[in-house]
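A.B. asks: Okay, here's the structure, questions in a sec.
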Amino acid sequence: MESVIYFEEVSKVFKNTVALREASFEVPRGSIAGLLGPNGSGKTTSIKLALGTLRPSSGLVLVRGMEPWRDPDARQGVGFLPESPVYPRTVRVSQLLEHIAKLKGEDWNGAKRAASLVGLDKLLDKPVGSLSRGYLQRLGLALALVGEPELLLLDEPTANLDPNARVEILRLISTIRDMLDATVVVSSHILPELQEIVDYLVIISSGEVLDYGPVEDLAKRYEARMVYHVSTRNPRIVARSLITYHYVEGVMLDTGGLKVYVKSTHHRALEEVLEGLAKDRMIDGYSVATGLLGEIYEAVVSG
Amino acid sequence: MRRLSPGSHLRGVSIQAAYILGRYTRHYTTLVVLAGIIYSVALLVAVVPAGLDILMGVSALIMLGYLASVIQIASSMASELESGEALLYLSTPLSRLSYVSSWLLASLSISAGTFMLTLVIPLIAIDPGALLAQKDLLKFILAVIGEVVYYTVILTAVGIIVKKRNLTSAVGFFMLLLGPMISVIVFVILEAVAGNVDGDLVASVLGIFHPLVLSQFDPDKMIGSIMYSYTVSLIVAGIIIQYARRSLEV
Ligand SMILES: Nc1ncnc2c1ncn2[C@@H]1O[C@H](COP(=O)(O)OP(=O)(O)O)[C@@H](O)[C@H]1O
Ligand SMILES: [Mg+2]
């Protein structure tokens, strides 16, 4: 698959800190990638290198095949939400949106589309400084979305938000990505909230990329549990039969069926059992929900 | 840096400069109109003998006003880089060089606009003959533009390199006010101690901060100080371009 972001042995050194050390990874087109790591691990640095506002100290950064530090065109079609955005407070929401739209080669209609995508329509005439945190984050998303980017770089989009706003922003990100069909990179140090939205991971710690790849592959490689979604009209009976297998680590009732937790080493065995159940019409179908991010992360970090 | 088509550079510069101007002109309009009125009054009283001094004084104050606005704009740019607001604009296809150029363009446009509104238009309206009667008119205009460009370029360079609002305006006000004062104080002290000091030396030091003032005091130094302000401006502009292309991280 073609990579939208490609890092080859990229290092970034600030005066006396090595923020990134020979990092190599790629993000395939169409994925929603979680960039995971604790505070200070180099997530923001990686995103800014991809954006081309930081210069790599060594190594090669390619975004859509271009070097973003050298070539501002690499940012055409890239939307960015900073970790702690700073906006001009006295400018009206519409003015700021229109200005960023112009810089991206779009017009007012492009700005308006982005505003309505995030539900900012009614606040266009307000000064930016009067928006609440949650709405400022929507403005940030709208600014990132202007021009219908093919790559979205979102740096800790839920940080500093209250739980409600957090859920809303996450939901918005999923919706947006389905609508735009964009590649999305979301950085976070909070794993559970990404569980539902990412399908690809880049795991970073102390400036080093420890591993990367599709969530499923990583779950298998690190023997993290995987979660299967089983749709059935007889959840209790199915659950009772599944729980007898030693590799099934848990079964939970879920809307329309069950969630089944399984050791990733045994996912084939489970799939065979599920296929048998499907043949007997006990279940209507199943799908891999995902590997558990927390477990993958633990396994990767502990080597 | 890969070469962009000059068109896309110019487009980015003009969009960003228009945005900056849109945000700042409102603050300046009142001041400029006021300065224009005061200057017009000074022009009217200039017919009486003492009025000429008043006119000179008012012109000098207005000139200081331009330079203060140059300082204000350069420190706004530094503040944008300091706070992280610049990231908002530099995360679009706008290049770093276009971003810095747009600040230079906005600053020079404001200076040019205020120059026309406060000095040139009142003069033309009230006493057009005076403008033409001024001998060495061309040199005088070149010296005025030279001084404004000198301040603009130097303070923009300071702003993008230090990225601190307060430090940038401190440097600006040092050049504007303290620099000349200190050179005069040093002159007075040296005279008291050593008796006889080379006046040219002090004039040259003064000229570092205010090439325009020097050229007005000493007509012999006019060409020299004009050359000085433009040469330094060109060199510093070169530094700005190199810095923007190679080192301006946000
Ligand atoms: N502009 C900078 N100057 C100096 N050090 C920096 C700068 N930006 C980041 N760092 C350092 O680089 C490391 C990685 O930072 P960052 O990429 O912001 O981490 P994260 O986003 O994962 O929290 C940290 O140790 C941080 O202090
Ligand atoms: Mg960060």
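The values are calculated or read from the model by the stated rules, or taken from the named source; none is laboratory data. Computed from a prediction, not measured in an experiment: that's the story for all the values here. Reconstructed Cβ throughout: ideal geometry from the backbone, glycine too, with neighbour counts over all protein chains shown. Calculation scope for accessible area: heavy atoms of the full protein, side chains included, ligands and nucleic acids excluded. Shrake-Rupley method; radii C 1.70, N 1.55, O 1.52, S 1.80 Å.
A.B. asks: Rounded to the nearest 500, what is the 222 nm mean residue ellipticity of chain B from helices alone, with -39500 (n - 2.57) per DSSP H run of 4+ residues and division by all residues?
C.D. replies: On the way: 12 runs with 206 residues, N = 250.
The per-residue figure over chain B is -27500 deg cm²/dmol.
A.B. asks: Give me the summed buried accessible area for the B-A pair, 1.4 Å probe, to the nearest 100 Å². Display every interim value, and only then the final one.
C.D. replies: Values: alone 13510 and 14900 Å², together 25890 Å².
For chain B against chain A, roughly 2500 Å² becomes buried.
A.B. asks: While we're looking at this one, here's another question. Report, in degrees rounded to the nearest 10, the 0 to 90 angle that the Cα long axis of helix B:137-162 makes with the longest principal axis of chain B.
C.D. replies: Compared with the principal axis, the helix lies near 40 degrees.
A.B. asks: Highest GNM mean-square fluctuation, chain B, Cα pairs closer than 10 Å: which of B:85, B:147, B:191?
C.D. replies: Maximum fluctuation in the GNM of chain B, among the listed residues, is at B:191.
A.B. asks: Can you give the charge dipole size of segment A:150-303 about its Cα centre, rounded to the nearest 20 debye, using +1 on the beta carbon of Lys and Arg and -1 on the beta carbon of Asp and Glu? Numbers along the way, then the final one.
C.D. replies: Values: 14 positive and 24 negative charges, 166 e Å.
Its charge dipole is roughly 800 debye.
A.B. asks: Between helix A:163-180 and chain A, what is the angle of the helix's C-alpha long axis to the longest principal axis, kept within 0 to 90° and rounded to the nearest 10?
C.D. replies: Here the helix axis deviates by roughly 90 degrees.
A.B. asks: Then there's this: Please give the length that would be gained between residue B:50 and residue B:239 if that part of the chain were fully extended, namely 0.36 nm times their separation in residues minus their C-alpha to C-alpha distance (nm, one decimal). Provide the component values of the computation, followed by the final result.
C.D. replies: On the way: separation 189, 0.36 × 189 = 68.04 nm, distance 4.57 nm.
The residue B:50-residue B:239 span can extend by a further 63.5 nm.
A.B. asks: Further question on the same structure: In the protein assembly as shown, what % of DSSP beta bridges are antiparallel (nearest 5)? Could you put the intermediate results ahead of the total?
C.D. replies: Working: 40 of 58 bridges.
Antiparallel bridges: around 70 percent, rounded to the nearest 5.
A.B. asks: To test your reading of the geometry: what angle, between 0 and 90 degrees and rounded to tens, separates the Cα axis of helix B:199-209 from the longest principal axis of chain B?
C.D. replies: Roughly 30 degrees between the two axes.
A.B. asks: Can you pull out the GluC sites (Glu not before Pro) in segment A:130-229 whose DSSP state is coil and whose Cβ has at most 14 other Cβ atoms within 10 Å? Numbers along the way, then the final one.
C.D. replies: Values: sites: A:150, A:168, A:193, A:196, A:208, A:216, A:223; in loops: A:150, A:196, A:223.
Answer by residue number: A:196.
A.B. asks: Can you give the helix-only mean residue ellipticity at 222 nm for chain A, where every DSSP H stretch with n ≥ 4 adds -39500 (n - 2.57) and the sum goes over all residues, rounded to the nearest 500 deg cm²/dmol? The partial results should precede the final answer.
C.D. replies: On the way: 9 runs with 98 residues, N = 303.
Roughly -10000 deg cm²/dmol at 222 nm, from the helical runs in chain A.
A.B. asks: Under a GNM of chain A (C-alpha, springs under 10 Å), which listed residue has the highest mean-square fluctuation: A:143, A:153, A:180?
C.D. replies: Among A:143, A:153, A:180, the largest mean-square fluctuation in the Gaussian network model of chain A belongs to A:180.
A.B. asks: Measuring from centroid to centroid over Cα atoms, what is the spacing of segment B:22-74 and segment B:207-240 in Å?
C.D. replies: Here the two parts' Cα centres lie 22 Å apart.
A.B. asks: One quarter of the convex hull surface, Cα atoms only: what value does that give for segment A:240-285 in nm²? Mind showing how you got there, number by number?
C.D. replies: Details: hull surface 12.4 nm².
So the Cα hull casts an average projection of 3.1 nm².
A.B. asks: Right, here's the next one. Which residues of segment A:103-121 bury at least 50 Å² of accessible area once all protein chains are present, versus their chain alone (1.4 Å probe)?
C.D. replies: Listed by number, the residues meeting the 50 Å² cut-off are A:103.
A.B. asks: Give me the accessible area per residue for the protein assembly as shown, probe 1.4 Å, as a whole number in Å². Walk me through the numbers on the way to the answer.
C.D. replies: Working: 25890 Å² over 553 residues.
Accessible area per residue, the protein assembly as shown: 47 Å².
A.B. asks: Got a sec? Charge dipole of chain B, +1 on Cβ for Lys and Arg, -1 for Asp and Glu; which of B:188, B:166, B:95 is way out at the positive end?
C.D. replies: B:95
A.B. asks: For the charge dipole of chain B, defined by +1 on Lys and Arg C-beta atoms and -1 on Asp and Glu C-beta atoms about the Cα centroid, which residue among B:128, B:232, B:21 has the Cα displaced farthest towards the positive pole?
C.D. replies: Of B:128, B:232, B:21, it is B:21.
A.B. asks: Which residue, B:98, B:225, B:204, has the most motion in a Gaussian network model of chain B that connects Cα atoms within less than 10 Å?
C.D. replies: The residue that fluctuates most here is B:204.
A.B. asks: Using every Cα-Cα pair within chain B, state what percent have a distance larger than 33 Å. Write down the numbers at each step before the final one.
C.D. replies: Working: 8061 of 31125 pairs.
The answer is 26 percent, as a whole percent.
A.B. asks: Would you mind checking the pairs B:163/B:221; A:48/A:112; A:102/B:163; A:43/A:220 and listing those with alpha carbons more than 32 angstrom apart?
C.D. replies: The answer is B:163/B:221.
A.B. asks: Charges only on Cβ, +1 for Lys and Arg, -1 for Asp and Glu: so what's the dipole of chain B about the Cα centre, in debye to the nearest 20?
C.D. replies: Values: 14 positive and 13 negative charges, 244 e Å.
So the magnitude is around 1180 debye.
A.B. asks: Can you list the aspartates and glutamates whose alpha carbon sits under 17 Å from that of residue A:126, skipping same-chain ones fewer than 8 residues off?
C.D. replies: In chain and number order, the partners are A:98.
A.B. asks: Nearest 5 is fine: what % of DSSP beta bridges in chain A come out antiparallel, could you say? The partial results should precede the final answer.
C.D. replies: Numbers: 40 of 58 bridges.
Bridges in chain A that DSSP calls antiparallel: roughly 70 percent.
A.B. asks: Ok, one more. Would you give the gap between the C-alpha center of segment B:96-122 and the C-alpha center of segment A:150-164, rounded to a whole Å?
C.D. replies: 38 Å
A.B. asks: Can I ask one more? Using only the Cα atoms of the protein assembly as shown, build the gyration tensor, take square roots of its eigenvalues as a ≥ b ≥ c, and label the shape rounded, prolate or oblate: rounded if a/c is under 1.5, else prolate if a/b is larger than b/c, else oblate.
C.D. replies: Details: a/c = 3.65, a/b = 2.63, b/c = 1.39.
Taking the square roots of the gyration eigenvalues as a ≥ b ≥ c, the protein assembly as shown is prolate.
A.B. asks: Quick one: Cα convex hull volume of chain A, Å³ per residue? Don't skip to the answer; put the middle values down first.
C.D. replies: Details: hull volume 43.7 nm³, N = 303.
In chain A, the Cα convex hull volume per residue is 144 Å³.
A.B. asks: Another question, then. Among A:163, A:118, A:103, pick out the residue whose Cα is farthest towards the positive end of the charge dipole of segment A:3-214, where Lys and Arg carry +1 and Asp and Glu carry -1 on C-beta, about the Cα centre.
C.D. replies: A:103
A.B. asks: Find how many whole Å separate the alpha carbon centroid of segment A:211-268 from the alpha carbon centroid of segment A:1-59.
C.D. replies: 33 Å
A.B. asks: According to the square roots a ≥ b ≥ c of the eigenvalues of the Cα gyration tensor, what is the shape class of segment A:12-80, taking rounded for a/c under 1.5, prolate for a/b larger than b/c otherwise, and oblate for the remainder?
C.D. replies: On the way: a/c = 1.87, a/b = 1.24, b/c = 1.51.
Judged from the Cα gyration tensor, segment A:12-80 comes out oblate (a/c at least 1.5, b/c at or above a/b).
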